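Working notes, structure below.
The values are calculated or read from the model by the stated rules, or taken from the named source; none is laboratory data. Just so it is clear, the structure is predicted and the values come from calculations on it, not from any experiment. Glycine gets a Cβ as well: all are built from the backbone with ideal geometry, and neighbour counts include every protein chain shown.
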Amino acid sequence: MENTNTLEEEYEGLSNQVAETHISNFSKYDEVKAAENDKAGPLSFGLEFEFLVAYVDGDVDDPFIEMVDPNPEDKRPLIGCKSSGSPYDGNIIRKVASALSKVASAPVRLCEDDTFHEPHDNVPVYDAWRVGHDSSIVPGSEILNKGYRFIDCEVSSPVISTYDPTQRMQIQDIVRALRGLRVHLNESTSVHVHIGRCEEAFSLLTVKKLCTMLWFLEEQLLDLNHPSRKNSKYCYMVTKYSVLARKTLEDLQNEETGVNQNLRDLEEMDEHAPAAKAPLADVTELQRAQLRRIWGCTDLEELARLMLGNTNARETDPRAVIQRGSVGFKRFMPAGKSGGNTQTFEFRQQIGCLDADHILRWVNVCQAFTDFARRSGPLTFRDFLVNVVNQKPGEKYSAFDMLKDLGIRTTYWKAHAAALRQTKELYPGGETGGLFVPQTA
């Protein structure tokens, strides 16, 4: 029977499965090292909101003066930029940060004022709402000649534990503040969801299981989101454009011969991923070799490199050189002076959005996907994988099948899919000339 929990009940179920916390004796910021056991304790998430902010040239003392404001009926604040200055001099994002600071329960700062995990100078401490720019966000033809200028903006959240009872309120408050500004969304914008373990690391087993799930379920995760994300160069399909995906069967067979797998690796693969060896319906020999390569990895960095973009494919497909796929593994790569990093899975499938309820529902999917990789036992994981790949002729394991198997109610997502078939607009009125996200959802 399908789970009929409300969204709040689904969150509570995820956060309360295990009450105790496992304390590691090392810091993931010191080196990219896997945890021995990661089943205990909460998951955490972080969000990156991408959007375009409207502004006009010149100082705007009264933003509602018709001669300055192309749309004086819109009573939301209009940001002015001194004609003698640059929109990237910090003036605009400071005004965005000021709007957020009025509602945020955590501190708000500019990315240029970041603090870092010592001794690094490039691994930020995510203890505040951070406001900055992102060059991947670009104005499109839909906003030309509208009387405004637009600048790219990204807001990232602090680390939020699934144990935190204020998580929904925090996101709702920030989204409400952003909607109180004149912001625009287009297909270059997105919402990225980082799933981690607060200050703890993931185990190598969990990352192998999540990569295995992704190898068969990447399309289903994308199917829950706006169709444009399937063609975004910042959300390439890992199963098509990653280092692992670009390897031929001969490459993988040669590597397998040279890999000195220990007995435990082989035992774990046999326990969790029978498709890596046994012929199953719809599993090719190449896919089996790819799974064996995943399970043959001996550390997090090796596995992360396989899942990142193939820098050798620059001439054949530019998407292959982008470092972030539909799920990003860059935070498992060494960074900083001692090689540590934040160890988060970055789910990049969601289009730009300022609907707090929808964002939180997608966060829930990302958490459930990760938690299944983390907590499922060998038999449960194996049965799940066999069910995914062993479909009857003419049938396909759908995104809704995946949600049900992860314990997530499908009613909302079926309605969302139906709505996307009717309109591709990113916010109400977006396809009929509405320039800005409405102030109220």
Quiz item: Is there a residue being part of a loop (DSSP other than H, G, I, E, B), out of contact with any strand residue (DSSP E or B) (no Cβ under 7 Å at 6 or more places or on another chain) and modelled with pLDDT under 95 anywhere in segment 148-162?
Solution: no
Quiz item: Of the residues that sit in segment 278-311 and are of a type in the set (G, A, S) and more than 26 Å from E395 (Cβ to Cβ), which one is modelled with the highest pLDDT?
Solution: A304
Practice problem: Name the single residue, out of those in segment 198-237 being crowded, with 23+ Cβ neighbours inside 10 Å and in contact with an Asp or Glu (Cβ under 6 Å, 6 or more places away or on another chain), that is farthest from V386 (Cα to Cα). | Solution: F202
Quiz item: How many of the residues making up segment 111-145 are part of a loop (DSSP other than H, G, I, E, B) and surrounded by 15 or more Cβ atoms within 10 Å (Cβ to Cβ)?
Solution: 12
Practice problem: Would you be able to say whether some residue in segment 376-390 is touching a helix residue (DSSP H, G or I) at 6+ places or on another chain (Cβ under 7 Å), surrounded by fewer than 16 Cβ atoms within 10 Å (Cβ to Cβ) and among the hydroxyl-bearing types (S, T, Y)? | Solution: no
Quiz item: Restricting to segment 412-438, what's the tally of residues that are over 17 Å from E142 (Cα atoms) and exposed (fewer than 12 other Cβ atoms within 10 Å of the Cβ)?
Solution: 5
Quiz item: Identify, please: which residue in segment 344-384 is in contact (Cβ under 8 Å) with a residue 12 or more places away in the chain and of a type in the set (S, T, Y) and is, among those, nearest to A304 (Cα to Cα)?
Solution: T344
Quiz item: How many residues are assigned to a loop (DSSP other than H, G, I, E, B) and surrounded by 17 or more Cβ atoms within 10 Å (Cβ to Cβ) if we restrict to segment 96-105?
Solution: 2
Practice problem: May I ask you to list the residues in segment 355-373 that are charged (D, E, K, R) and buried (at least 21 other Cβ atoms within 10 Å of the Cβ)? | Solution: D371
